[in-house]
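Data first, discussion second: the structure below is written as structure tokens.
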Amino acid sequence: MDLRRTHTTILNEGDPERKRSEILEYFHATFDIDEKLYDTLRYDDTFCLRADRLRHPLIFYFGHTATFYINKLMVARVIDTRINPRFESMFAVGVDEMSWDDLNEAHYDWPTRKQVKAYRDQVRDLVDGLIRRLPLTLPITWEDRFWGIMMGIEHQRIHLETSSVLIRQLPLDQVQQLPFWEICPEFGEPPVNQLLNVAGGMVTLGKTKDHPLYGWDNEYGEHMAEVPDFKAAQYLTSNREFLTFVEDAGYSERQWWSEEGWKWREFKQAGHPLFWLKAGDGWKLRTMASEIAMPWNWPVEVNCLEAKAFCNWMSVRTGTPIRLPSEDEWSRMRDVCTIPDQPQWEKAPGNINLEWWASSCPIDRFSNGDFFDVLGNVWQWSETPIYPFHGFEIHPWYDDFSTPTFDTRHNLIKGGSWISTGNEATRDSRYAFRRHFFQHAGFRYVENTTPVIIHDDRYESDALAAQYCDAHYGPEHFGVANFPEACAKICLELMQGRRAGHALDLGCALGRASFELVQGGFEKVTGLDFSSRFFRLAARMQEEGSLRYALPEEGEIVSFHEITLMELGLEDSRNRVQFYQADACNLPEKFSGYDLILAANLIDRLYSPRRFLATIHERMNPGGLLVLTSPYTWLEEYTKKEEWLGGYREAGEPVWSLDGLKETLAPHFHMLGKPRDVPFVIRETKHKFQHTLAELTVWELGGRK
């Protein structure tokens, strides 16, 4: 396969064995390109340099794409054995710069390039074997095991883009220009940009589940909008055009910047685009691995905040309403230009898919009708924060791909860049980044008086997450006490006369018990949950002190609710609680030293509860307490039957979960007191509730045998 001309795989037609060969070829091509990308790092030590102080060093991303295969294939139950649990924990979480990321270097003992490369080779061999052996039928759908493999492949291709941006920020002496990553040799002065008419019309976005191509969850559903006539720039904004903003003191004039943009500019003390380098009286441009004379006819590369400031400046300068396009407007322009989708390309209709160069190129090099670079060259920032289409569903194997970005803080980028391949280079792709992030992204401006609709999805509408919002922070139902609050109170009673230093709320869901434990006297509490849709809401509650959610009432009717820590008397607990995403069966080493561990309704949802129970003592201080609750609802959907602690028969006799707990914990723990039942209620709709009893047991580390 030509690595510079790969296409994402059509998943709903063809001969199954030929399709298997296509996927195998696509997988290895993806791995090969990824390896070539990291070959641009000159030294082994370069892997441990941090290109951006708010992002991990490149060694993390080198390991991350490989561990992703293993972690997702474990969740999908395609495999049941890990290759390297330490790596698969270390490299799992921390890709995006988010407030709950832990970037403290003291917590990381990074392996060497050689060690990670050996691990990557093991993963490659394992996935190769799966592709060759797993049963394959067409179409390949969301539930198919091959979907999990495609998820790993397309995820790896995303990181070709994000890692290349970080490589571009490393010191030049730490990288090397290689032939595969050839820079465009064409440069000069750009044509004068002008605004052209775009005829309005209906835009229809969103995939159906029977779409022939792999997609991420945010691409599915339905969105329709009538777009009125507008004008759009014929070309992307060039380095030369942007220079006029720089030379007009655009970076030092507060009036052009949004509040968010000015805070970023002040923090970074930015005076020009990140990849521009001052060279005497002129400028140079940093490409991924080289410095070159400024190509003024290439598109400028900036973050969204800079692009919006330029538009505000230009709007006043021209006396016309200039702004970035919305997603709908960009989509309308693409439709008007009738550009084929990626699998149907004979040759890429723009500087995209690695088919031309490993850099930008002149803005007038690729025409799409009357416009240029509608597709490719650099991503194009839009005014639209990403939001879910009507009918959006979270994919259960990757529940944190999109939902953390539905916060109005992540704007969509459209059109792809020179290194966008696979799903990124398809019509339906929807990727969004924080507005201060850098990608290989620039912008095209539009003239339009129509205001952009901001789809604010801040009311949590995911049904399960909304249920848990209500269960953690909502009112009591049928006189049954709030479950996480009740568990926390029991824990606090048990800790009387004991040291209440650091507690771990494991499987914290939305974090109510964590806040209660701090409010009750613990010096510090860490909440961990494997589900991103839960822990992101816990983190939002900790950061903002409030949550809003939409509860189903009846059919399509919902009610809207807002809950605050202040109302619950928990406002003072916010500064002593931290939330992280983690796998309870494969915890990073840093999570240790606890006087109390609460694992509420967790063990019967773990893929390996026996391993969890056999090792949890390593995380605790001597004499610490382990508090477990569970309704013992064992399901093979979550836990293989051989891992069940009870709920089955052996030699014809029933085996109860409490007996399994005693046996597994006996080497290190002693049970205090007798089990007790703690009730809880989950509200599904106005007329439907789940009432459950969880058995609570208390175990002391050490103690009498």
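Of the strands (runs of 3 or more DSSP E) entirely within segment 613-691, those holding at least 3 residues that are assigned by TED's automatic domain parsing to the domain that holds residue 471 and basic (Lys, Arg) occupy 669-685.
Among the candidates 417, 429, 382, the residue that is crowded, with 21+ Cβ neighbours inside 10 Å, of a type in the set (Ser, Thr, Tyr) and not in a loop (DSSP other than H, G, I, E, B) is uniquely 382.
Would it be correct to say that residue 61 is under 24 Å from residue 639 (Cα atoms) and either within 17 Å of the chain's Cα centre (by Cα) or of a type in the set (Val, Ile, Thr) (or both)?
no
The residues of segment 187-203 that are among the polar types (S, T, N, Q) and surrounded by 11 or more Cβ atoms within 10 Å (Cβ to Cβ), listed by number, are 193, 197. Within segment 15-55, being surrounded by 15 or more Cβ atoms within 10 Å (Cβ to Cβ), over 25 Å from residue 113 (Cβ atoms) and of a type outside the set (Val, Ile, Thr) holds for 19, 20, 22, 24, 26.
When each of 685, 633 is tested for being in contact with a strand residue (DSSP E or B) (Cβ under 9 Å, 6 or more places away or on another chain), over 27 Å from residue 78 (Cβ atoms) and β-branched (Val, Ile, Thr), the lone residue that passes is 685. Just one of the numbered conditions (1) within 27 Å of the chain's Cα centre (by Cα); (2) not in a strand (DSSP E or B) is not true of residue 599: (2).
Yes/no per residue for (1) touching a His at 6+ places or on another chain (Cβ under 8 Å); (2) surrounded by 21 or more Cβ atoms within 10 Å (Cβ to Cβ); (3) modelled with pLDDT of 95 or more:
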{"residue": "62", "(1), (2), (3)": "no, yes, yes"}
{"residue": "67", "(1), (2), (3)": "no, yes, yes"}
{"residue": "77", "(1), (2), (3)": "no, no, no"}
{"residue": "81", "(1), (2), (3)": "no, no, no"}
{"residue": "84", "(1), (2), (3)": "no, no, yes"}
{"residue": "91", "(1), (2), (3)": "yes, yes, no"}
{"residue": "97", "(1), (2), (3)": "no, no, no"}
{"residue": "100", "(1), (2), (3)": "no, no, no"}
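The residue pairs whose first member lies in segment 140-151 and is assigned to a helix (DSSP H, G or I), whose second member is charged (D, E, K, R), and whose beta carbons are closer than 6 Å, counting only pairs six or more residues apart or on different chains, are 148/72; 151/72. Scanning segment 579-596 for residues that are polar (S, T, N, Q) and either more than 27 Å from the chain's Cα centre (by Cα) or more than 25 Å from residue 680 (Cβ to Cβ) (or both) returns 586, 592.
Residues in segment 553-590 that are touching a strand residue (DSSP E or B) at 6+ places or on another chain (Cβ under 8 Å) and either under 30 Å from residue 656 (Cβ atoms) or among the β-branched types (Val, Ile, Thr) (or both): 558, 563, 564, 577, 582, 584, 587.
Within segment 258-313, if we keep just the residues that are in a loop (DSSP other than H, G, I, E, B) and of a type in the set (Gly, Ala, Ser), the residue that is farthest from residue 168 (Cα to Cα) turns out to be 258. Residue 406: buried (at least 23 other Cβ atoms within 10 Å of the Cβ), under 19 Å from the mean Cα position of the chain (by Cα), touching a residue at least 40 places away in the same chain (Cβ under 8 Å) and farther than 21 Å from residue 341 by Cβ, yes or no? Answer is yes for this residue.
Considering only residues that are of a type outside the set (D, E, K, R) and touching a Leu at 6+ places or on another chain (Cβ under 7 Å), look in segment 447-472 and name the one that is modelled with the highest pLDDT.
472
Within segment 275-296, restricting attention to residues that are among the hydrophobic types (A, V, I, L, M, F, W, C) and touching an Asp or Glu at 6+ places or on another chain (Cβ under 8 Å), which residue is surrounded by the fewest Cβ atoms within 10 Å (Cβ to Cβ)?
Checking each candidate, the answer is 277.
Taking the criterion of being closer than 28 Å to residue 64 by Cβ, free of Cβ contacts under 8 Å to residues at least 40 places away in the same chain and not in a helix (DSSP H, G or I), the residues of segment 1-37 that qualify are 1, 2. Take residue 246 and tell me if it is more than 20 Å from residue 332 (Cβ to Cβ) and either assigned by TED's automatic domain parsing to the domain that holds residue 350 or touching a residue at least 24 places away in the same chain (Cβ under 8 Å) (or both). Here the answer is yes, as residue 246 does meet what is asked.
Could we say that residue 77 is more than 27 Å from residue 399 (Cβ to Cβ) and either out of contact with any Cys (no Cβ under 6 Å at 6 or more places or on another chain) or not polar (S, T, N, Q) (or both) here? No, not satisfied. Kindly indicate the residue of segment 263-272 that is buried (at least 16 other Cβ atoms within 10 Å of the Cβ) and within 26 Å of the chain's Cα centre (by Cα) and also nearest to residue 310 (Cα to Cα) among those meeting that condition. The residue in question is 265.
The values are calculated or read from the model by the stated rules, or taken from the named source; none is laboratory data. Here the structure is a predicted model, which means the values were calculated and not measured. With ideal geometry, Cβ positions are generated from the backbone for all residues, glycine too; neighbour counts draw on all protein chains shown.
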